[in-house]
Structure formats: C-alpha cells, structure tokens
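Comments concern the structure below.
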Amino acid sequence: MSKADEIFVNMCRDIIDNGWSDEDCEVRPKWEDGTPAHTVKKFGVVNRYNLAEEFPILTLRPTYLKSAIDEILWIWQKKSNNIKDLNSHIWDSWAGEDGSIGKAYGYQMSVKHKYPEGEFDQVDRVLFDLKNNPYSRRIMTNIYVHQDLSEMNLYPCAYSMTFNVTGNRLNAILNQRSQDVLAANNWNVVQYAALTHMFAQVSGLEVDEFVHVIADAHIYDRHIPVIEEMIKRPQYPAPRLIINKEVKNFYDFTVDDFVLENYQKNEQIKNIPIAI
C-alpha cells in the first residue's frame, strides 16, 4: 500500500487525538459565513518520503497531478505572482484587480542577487549549484522576506527549500510555517516531490529523500468529520510517476511531461470549505 497514505493517516490521527484546540481563543481565519474557523493542531510535524521508492501521492482521495505541477511551475519556472499566468483558480481570493498577489511567491523567486560567480535569482542559483557545487551545504531558497511582507497579499506558507546531494542522489527539505492539512497537505507534498524530481533530472542526479517540516499542522473544526471518514477508506499501491526524460532544461518542463501510471484512488471529496 502507499506509504504516503500511511503517513497521512498517522499524522491526522495524531493531530485529532493528541493535538491542541484553539476553540477558546480568538482566531484570525473565518468561514464564509463569518464564523471563526477554529483548529486542532500539532507543532513541528516532520514527514519523510523516499522518492526512490514511490511517488508520494495519496490514494485516499485524488490529488490532481497536472494542476499541482502547474502551480509549482507558476512559482518556480514562470516566477510569476499573477493569477493570469495560472490555469487554476486557487489563488483568486488573494489576487487584486490586476491579478497580482503582491511581492509573494514567484515574485521572490525572480529577484536577482549578486554572488562571486555572477548574478542569479534563487531558482537559477540552485540549478547552478546542483551542477557546479553539488556537495555544497548552502543550496537553498527562502521567500519569507520580511521587508516585503507588507506588500504580499498572503504571507508564504511553504517558504523554504533546502537541497542536499549525497553521492549522486538529491534530497530536499520543504519548510512550511502553517498548513491546512485536509486542503493542502498532499497537494504540497506532490508539488515539491515533483520539483525534486525535476531538479534531479536536469542535474544528472537520482532522487532520494523528501522531508516535509510543518511548524503548525492543523485541521479545521469543519474538516474533522471529513478527515475521519477519509482515513478509513481503502488504500491502494502508489502509482508510478513517469517524466519525459528528453527534458534536460528545467525551463522546458510543461505539465504534459508528467504522467501517473496505475493511479488507483478513492473518490474525490467535493466542496471542502476553505477558511480565509
């Protein structure tokens, strides 16, 4: 069975059974009807995925691979902060009239910085180091830029990636300050696991471990019954991720270069309420 499913079930069970509830506290998020959106949470959740063994996509419910990759390419490849460059509508609530989400996400990836080797933005610096300094312990990105927070329509949730090469294998750590577990957990795992695959392929490396560190992993009160039903569902073997091996340049990847083979999954959970 899928180890991603097992990790997800264990995490959710631990949060619900052993987490801390903020039901007696004043909270910022609200439901669409204006009701405070309370959560139960665990601090410092760390999940580890062996990418060499399986692609960590849930079978408990579908995660839409191409949509997830479209968003990660929007941030890391297009380096865009405008929803007009994105095919989905998941960022619409945070966009202004011009479609911009401010100096967030892709904007930060596009900012160039000076180094002894030349001028790079964060993505190009990672790609340069993976090919030229693969054993460096400084291969990382950070989009939680304090001087720009006031000009971001949403503070970054997934804010930092660290890449580390062991032999010929690429490992990666995603740091996330906050996560809505039902709505976003596997979405982010799939995105950054796919990104690790992309960076490994264009750098002549093999994938190894992906580690997801979540400071505040929470389940909203209205999501608990949905989670309880979901984690009791049948689990299936993980599908196989097939990537177009002809792509040698990160900027040439498109969503059509990724296919899941033998993806068995349960039915989708529709109309999940999202706290804003």
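The values are calculated or read from the model by the stated rules, or taken from the named source; none is laboratory data. Bear in mind that the values here come from a model prediction, so they are computed numbers and not experimental data. Ideal geometry is used to build each Cβ from the backbone, glycine not excepted, and the neighbour counts take in all protein chains shown. Only protein heavy atoms, including side chains, enter the accessible area calculation; ligands, DNA and RNA are left aside. Shrake-Rupley method; radii C 1.70, N 1.55, O 1.52, S 1.80 Å.
A compact table of results
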| item | result |
| --- | --- |
| Whole-Hz ³J(HN,Hα) from phi, Karplus 6.51 cos²θ - 1.76 cosθ + 1.60, for the range 266-272, glycine and proline x | 6, 5, 6, 9, 9, 6, 5 |
| Relative contact order (%) - the chain, alpha-carbon pairs under 8 angstrom, separation at least six | 28 |
| Extension gain, GLU119 back to LYS30 (0.36 nm per residue minus Cα-Cα distance, nm) | 27.8 nm |
| Per DSSP, loop trypsin sites (Lys or Arg not before Pro) in the range 182-276 with at most 14 further Cβ within 10 Å | LYS232, LYS245, LYS248, LYS270 |
| Estimated distance in nm for a label pair at SER160 and ASP252, the labels positioned 7 Å out from Cα along Cα-to-Cβ | 3.4 |
| Loop-located GluC sites (Glu not before Pro) in the range 173-276, at most 11 other Cβ atoms within 10 Å (DSSP) | GLU246, GLU267 |
| Within the accessible area of the chain (1.4 Å probe), percent carbon and sulfur | 48 |
| Sparse-neighbourhood loop sites, GluC sites (Glu not before Pro) in the range 5-107 - DSSP loop, at most 12 other Cβ within 10 angstrom | GLU23, GLU26, GLU32, GLU53, GLU97 |
| Accessible area per residue, Å², the chain with all protein chains present, probe 1.4 Å | 49 |
| Spatially proximal lysines relative to LYS270 (Cα-Cα < 19 Å; intrachain offsets below 8 disregarded) | LYS66, LYS232 |
| Of SER178, PHE258, TYR135, farthest towards positive along the dipole that unit charges on Lys, Arg, Asp, Glu beta carbons give the chain | TYR135 |
| Selection from ASN249, PRO116, VAL126 lying farthest towards where the dipole of the chain points positive, charges on Cβ | PRO116 |
